[in-house]
Structures are given as C-alpha cells and as structure tokens.
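Heads up: the structure comes next, in structure tokens.
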Amino acid sequence: MNIMIEIHYKTDIKSVQYNSIPLKGRKPEQIALQWWKQIKKEMSYRAELEKVIVDGDKDITELVKELEKQDLKRIMNDNLPF
C-alpha cells in the first residue's frame, strides 16, 4: 500500500515536494521523517519544515517534528565523548 506525502518547507523560498511511498509496515510519520531528512541533505540552504500532509488531508506535521526532536536527542546522547 502506498501513501501520498506532501512536504511543505522553506529555504529562501517556500517549496512543496510530493511523493508516493510504500508503507511496508511503517507509520506515515516515520516515512515522512526519512524523506524530510533526505530533502534537507540535498538542500544547499538551511531548510525549515512547515507542513506534512498525508493522502491529501491528514496533517502529521507535529508527529514528524516530534520524531525529529527525539532522533536529534538520541544522536546527541549517543555521540558525546563523555
């Protein structure tokens, strides 16, 4: 089963990217976060997440932002030398 994800973000300008991605047993917010990380990696400017929409009507922005915060905390705790 595929889901359609829209990621709205801004750099110097506002942008939107659309993608149809297979769930493969994952939650939509996990897929959206993975794709958002890929978008940020490809951007030459700092990108800021504005909105994440699934299947045209479900706003999962807060879920994705919370997962991103948790991921950042985990990375910071794992990589400290002390």
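The values are calculated or read from the model by the stated rules, or taken from the named source; none is laboratory data. For clarity, every value in this text was computed on a predicted model and none was experimentally measured. All Cβ positions, even for glycine, are placed from backbone atoms using ideal geometry, and neighbour counts span all protein chains on display. Note: accessible area is taken over every heavy atom of the protein model, side chains too, but ligands, DNA and RNA are not part of it. Shrake-Rupley method; radii C 1.70, N 1.55, O 1.52, S 1.80 Å.
Histogrammed with a bin width of 5 Å, the alpha carbon distances of segment 1-48 distribute as 5, 20, 32, 21, 13, 7, 2, 0 percent, first bin at zero. Computed as a quarter of the hull surface, the mean projected area of the alpha carbon convex hull for the chain stands at 6.3 nm².
Per-residue ellipticity at 222 nm computed for the chain from its helices equals -13500 deg cm²/dmol, with DSSP H segments shorter than 4 residues left out and the rest contributing -39,500 (n - 2.57).
Using DSSP to call loops (not H, G, I, E or B), can you name the trypsin sites (Lys or Arg not before Pro) in segment 5-82 whose Cβ has at most 10 other Cβ atoms within 10 angstrom? Hits after loop and neighbour filter: Lys24, Arg46. Percent relative contact order of the chain, based on C-alpha pairs within less than 8 angstrom and at least six residues apart? Relative contact order here is 33 percent.
How large, in percent, is the carbon and sulfur part of the accessible surface of the chain at a probe radius of 1.4 Å?
Heavy-atom surface of the chain belonging to carbon and sulfur, 1.4 Å probe: 51 percent.
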